[in-house]
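Read-outs throughout are calculated quantities, based only on the coordinates presented, and are distinct from any laboratory measurement. All of these numbers come straight from a predicted model, not from anything done at the bench. FYI the Cβ positions are ideal-geometry reconstructions off the backbone, even for glycines, and counts take in every protein chain you see.
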Amino acid sequence: MTPEALIRTTLMMGLLVAAGGAWALLYCLGRTRARSDLMHAALGCYAVALGLAIAIGIYSPLAIGWKLLILASALAYAGIPPVTLRYLRKTHEGEEA
């Protein structure tokens, strides 16, 4: 891997993680505050994360195993915020009773 490819791949992976974190944060805020604008922003962040994962899969010189792991991780990002929020709500409903 050339130094340029390393920097390009590292930047894409950093942005992927940042977009995934923004997706999770905006999703939870949008759901708990019932705000559709935050939900739209969350979906936009997830689309960016998925696009970056696809770009890494196409343009980076990583081995196929790493590319598949990154793509699978980006797909898993979709389910993490809803499952976590559902779990937290269920946990806190039990405390309120």
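Things worth noting here:
- Cα centroid of the range 68-97 to Cα centroid of the range 1-46, whole Å: 16
- Cleavage-rule hits, trypsin sites (Lys or Arg not before Pro), the range 15-97, DSSP coil, Cβ neighbours within 10 Å at most 14: Arg35
- Under the Debye formula (equal points on every Cα, no solvent term), log10 I(q)/I(0) of the chain at q = 0.14, 0.20 Å⁻¹: -0.58, -0.92
- The relative contact order of the chain comes to 29 percent, based on Cα pairs under 8 Å that sit 6 or more residues apart.
- Charge dipole (debye, nearest 20) of the chain; +1 at Cβ of Lys and Arg, -1 at Cβ of Asp and Glu: 120
- Per-selection Rg to Rh, the range 24-71 - Cα, Kirkwood hydrodynamic radius: 1.20
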